[in-house]
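Below: one structure, written as structure tokens.
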Amino acid sequence: MAQVIGFIGLGIMGRPMAKNLLKAGYPLVVHNRSRAPVDELVRAGARASTSPREVAAQCEVLVTMLPNSPDVEQVALGKDGIIEGARRGLIYVDMSTISPIVSQKVGKALAASGVTMLDAPVSGGEKGAIDATLSIMVGGDKAVFDAVLPIFKAMGRTITHLGPLGFGGFTKLANQIIVAGNLTALAEALTLAKKAGLDRDRTLTALAGGLAGSKCLEQKRSNYLANAYTPGFKIDLHYKDLGLIMESARALGVPLPTTAVVQELFNALRVKGRGGLDHSAVITLLEDLAGVSA
């Protein structure tokens, strides 16, 4: 019989990831702060739970997909948290993008209660979550990784064990540097092309066929053509990730001058009230600066 999986955090990414676990045949117990996503998953075959503590008491593997480090700490270690309901032998997999230092802190606290933790942040956006094609970057004990691998395969395509707990998080932060930089470079390039009078569709086709082609260009093409930035991954969340990146870089003594500039561009978007838009909407700021109309 398939392992019972708990899943906490049913947002833009978590909801489709949980659905894919159901499709793969895993019994699922779910919890979320807002009720609507829980009801949706229950209709798909999951069981609802009222707290992280209750989820932990009912499952063998528990997955979280939460916004930030404080959320993970609260769900894992706070009142009615995972630590209060966990049985010895529980495997806890945090797939959020948070501080790797916090992952290590949470893992150490849970280990005292007999819980083993993996940090396993993902890349691929909402589309990757829906299509079960995520890249999953995992830190933690290799034997535990091997045990959880079939579960990862229900949600992702590229699944890599990077090393000890926290290494998944450091890899994800490196990923987010590249994605934010790529989206900003695309924004500058497309704004230049637009002001020069080029057709955006043809420009994107030309760029995609050469060395400038990228997953970012491929996945965000429809946003650029429609000039519509419904979030697959919000500016607010990527700005949070950029903060984690700069915090880690300072701690490790790594200068990141380009990332620092990109962080301020994302900050400017938030000041303009665009934090809820997709992170590809960084182009709207560049268009504003260039005096290019939408």
* Structure fact -> Conditions (1) open to solvent by less than 20 Å² (accessible area, probe 1.4 Å); (2) among the hydroxyl-bearing types (Ser, Thr, Tyr); (3) more than 26 Å from residue 135 (Cα to Cα) -> residue 248 fails only (3)
* To do: Working carefully through the options 278, 241, find the one that is of a type in the set (D, E, K, R), open to solvent by less than 10 Å² (accessible area, probe 1.4 Å), touching a strand residue (DSSP E or B) at 6+ places or on another chain (Cβ under 8 Å) and under 19 Å from residue 178 (Cα atoms).
  => 278
* To do: Would you mind telling me which numbered condition in (1) of a type outside the set (Ser, Thr, Tyr); (2) open to solvent by 50 Å² or more (accessible area, probe 1.4 Å); (3) in contact with a helix residue (DSSP H, G or I) (Cβ under 9 Å, 6 or more places away or on another chain) residue 273 fails?
  => (3)
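A quick yes/no check of all residues on (1) over 21 Å from the mean Cα position of the chain (by Cα); (2) in contact (Cβ under 8 Å) with a residue 24 or more places away in the chain:
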residue	(1), (2)
195	yes, yes
207	yes, no
210	yes, no
242	no, yes
246	no, no
249	no, no
276	no, yes
280	no, yes
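Condition check ((1) within 20 Å of residue 17 (Cα to Cα); (2) among the polar types (S, T, N, Q); (3) buried (at least 23 other Cβ atoms within 10 Å of the Cβ)) across all residues:
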| site | (1), (2), (3) |
| --- | --- |
| 104 | no, yes, no |
| 122 | yes, no, yes |
| 143 | no, no, no |
| 154 | yes, no, no |
| 178 | no, no, no |
| 183 | no, no, yes |
* **Residue satisfying condition, being open to solvent by less than 50 Å² (accessible area, probe 1.4 Å), over 22 Å from residue 144 (Cβ atoms) and free of Cβ contacts under 8 Å to residues at least 60 places away in the same chain, within set 56, 46, 86, 76** => 46
* Just one of 183, 190 is assigned to a helix (DSSP H, G or I), at pLDDT 95 or above and within 25 Å of residue 69 (Cα to Cα); which is it? -> 183
* To do: Inspect the stretch 226-235 for any residue being over 26 Å from residue 15 (Cβ atoms), open to solvent by 40 Å² or more (accessible area, probe 1.4 Å) and more than 13 Å from the chain's Cα centre (by Cα) and give the result as yes or no.
  => yes
* Restricting attention to the stretch 106-120, and to residues there that are hydrophobic (A, V, I, L, M, F, W, C) and more than 19 Å from the chain's Cα centre (by Cα), which single residue is surrounded by the fewest Cβ atoms within 10 Å (Cβ to Cβ)? -> 112
* To do: Restrict the check to the stretch 9-22 and report whether at least one residue is open to solvent by less than 20 Å² (accessible area, probe 1.4 Å), under 22 Å from residue 238 (Cβ atoms) and in contact with a strand residue (DSSP E or B) (Cβ under 6 Å, 6 or more places away or on another chain).
  => yes
* Could you please let me know if residue 284 is in contact (Cβ under 8 Å) with a residue 12 or more places away in the chain, within 23 Å of residue 192 (Cβ to Cβ) and open to solvent by 60 Å² or more (accessible area, probe 1.4 Å)? => no
* Structure fact -> Restricted to the stretch 29-43 and to residues being buried (at least 21 other Cβ atoms within 10 Å of the Cβ) and not aliphatic (A, V, I, L, M), the residue farthest from residue 13 (Cα to Cα) is 31
* To do: Identify the single condition in (1) modelled with pLDDT of 95 or more; (2) within 15 Å of the chain's Cα centre (by Cα) that residue 127 does not satisfy, given that it satisfies every other one.
  => (1)
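The values are calculated or read from the model by the stated rules, or taken from the named source; none is laboratory data. What you are looking at is a predicted structure, and each value in this text was computed from that prediction instead of being measured. Using ideal geometry, Cβ is built from the backbone for each residue, glycine included, and neighbour counts are taken over all protein chains shown. When the accessible area is computed, the model is the full protein with side chains, heavy atoms only, and any ligands, DNA or RNA have been set aside. Shrake-Rupley method; radii C 1.70, N 1.55, O 1.52, S 1.80 Å.
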